[in-house]
Each structure stands twice: as structure tokens, then as C-alpha cells.
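Enquirer: Here you go, one structure.
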Amino acid sequence: MGWREWVALPEFGIPAIKAKIDTGARSSALHAFDIEPFTENGTQKVRFQVHPIQRDTKSTAIACAEVLDRREVRNSGGKAELRYVVLTSVELAGRRWEIELTLTNRDVMGFRMLLGRQAVRGRFLVDPGQSYLLSRDEEAAHHAQAHKSHAHE
């Protein structure tokens with residue numbers, strides 16, 4: 001895989017989101033905001049919103065997931081932050097598998113998602129000199145654009 005790829009998060013209704021493959025990060029992270037914890041039938045859940053497209057704050061996906069954990073995670077600046085952790089499936093290159101995803105505000109970051117080494121270990125080799133080896137940039141951009149126009153309806 002390249003150092004960046006388009007992936008899908010089907011359980012969150014996100015057909016395409018550009019992810020940076022970050023082998024330096026143990027866990028994967030998703031840009032989320034308006035994170036609201038709640039309890040449903042005795043199960044702790046979290047509702048949140050995502051801007052899946054870079055530099056676009058209008059297209060929004062609203063998602064909900066069961067809380068797997070709350071963990072202290074160090075961000076890229078070295079600051080510790082307590083984050084919700086959810087379990088969801090990710091799709092790439094015709095494959096689908098479960099990953100743990102931490103929810104954090106990545107508004108100032110270039111990528112809406114980081115795919116950490118736990119998510120790619122034993123599945124892919126990363127070529128840091130290549131992009132979109134497993135996902136075509138123009139095809140994913142089409143999915144993202146379709147999602148964007150659907151989100152405004």
C-alpha cells in the first residue's frame with residue numbers, strides 16, 4: 001500500500017475517506033466532533049460527526065458506535081488526550097476487516113483519518129514513496145463527491 005490510501009468506513013456511512021498510513025502510530029484515529037456519549041439498553045455508546053472530505057466542513061456524516069474503551073493517547077505534538085475508542089470495519093482493495101479507531105478532533109490536521117500499524121500489521125506492506133497503490137484517487141474522489149452531494153439533500 002502507499003503512504004496514503006482511500007478507504008471506506010461502511011458502518012459510519014462513509015464510502016471514501018483519505019487515510020494517511022502511519023506506521024509510527026500504534027492506533028488508528030478518525031477526525032470526529034460533537035462527540036456525545038450516551039447509554040442505550042445498558043450499553044455505553046457514542047454519537048459523533050465526521051467531515052470525511054479534506055478542506056470541506058459542509059459535508060458531514062453522523063455516526064454512532066458502541067464504546068470499546070477510553071484511552072490516553074499521545075497526539076503528534078506529544079500531548080496526552082483521553083479518547084473514545086470504537087470498533088468498526090474498514091474496506092480497502094476489496095478487503096474488509098475490523099479496526100479499533102480513536103475519535104479525536106483532527107480539524108487542523110491534513111488527513112481526516114490515520115490508519116495505524118495495528119490496522120495494517122500482517123495485511124499490507126507500506127511503500128512510503130507511493131500513493132494510492134490499492135485505491136484509485138479519481139475513483140475515490142468520485143465516491144466522496146457523490147457522498148457530498150447526497151449529504152446536502
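Enquirer: Among the candidates GLU98, GLU91, GLU66, single out the residue that is surrounded by 15 or more Cβ atoms within 10 Å (Cβ to Cβ) and either at pLDDT 90 or above or in contact with a Cys (Cβ under 7 Å, 6 or more places away or on another chain) (or both). Full working, then the answer.
Expert: On the way: GLU98 fails: surrounded by 15 or more Cβ atoms within 10 Å (Cβ to Cβ); GLU66 fails: surrounded by 15 or more Cβ atoms within 10 Å (Cβ to Cβ).
It is GLU91.
Enquirer: Consider only pairs whose beta carbons are under 7 Å apart and that are at least six residues apart or on different chains; among these, list those whose first residue lies in region 22-38 and is in contact (Cβ under 8 Å) with a residue 12 or more places away in the chain and crowded, with 19+ Cβ neighbours inside 10 Å and whose second residue is part of a strand (DSSP E or B) and among the acidic types (Asp, Glu).
Expert: As it stands, the answer is SER27/GLU100; SER28/GLU100, since those pairs meet every condition given.
Enquirer: Another one. Taking region 50-72 as the region of interest, how many residues are more than 17 Å from ALA19 (Cβ to Cβ) and either of a type outside the set (Val, Ile, Thr) or over 14 Å from the mean Cα position of the chain (by Cα) (or both)?
Expert: Step one: of region 50-72, the residues more than 17 Å from ALA19 (Cβ to Cβ) are 57-58, 60, 62, 64-72.
Subsequent filtering for residues that are either of a type outside the set (Val, Ile, Thr) or over 14 Å from the mean Cα position of the chain (by Cα) (or both) retains 57-58, 64-72.
Final tally of qualifying residues: 11.
Enquirer: Okay, moving on. Collect the residues in region 5-21 that are crowded, with 22+ Cβ neighbours inside 10 Å and charged (D, E, K, R), keeping them in residue-number order.
Expert: Correct list: GLU5, LYS18.
The values are calculated or read from the model by the stated rules, or taken from the named source; none is laboratory data. Since the structure is predicted, the reported quantities are computational estimates derived from the model, not experimental observations. Positions of Cβ are generated from backbone atoms using ideal geometry, with glycine treated the same way; all protein chains shown enter the neighbour counts.
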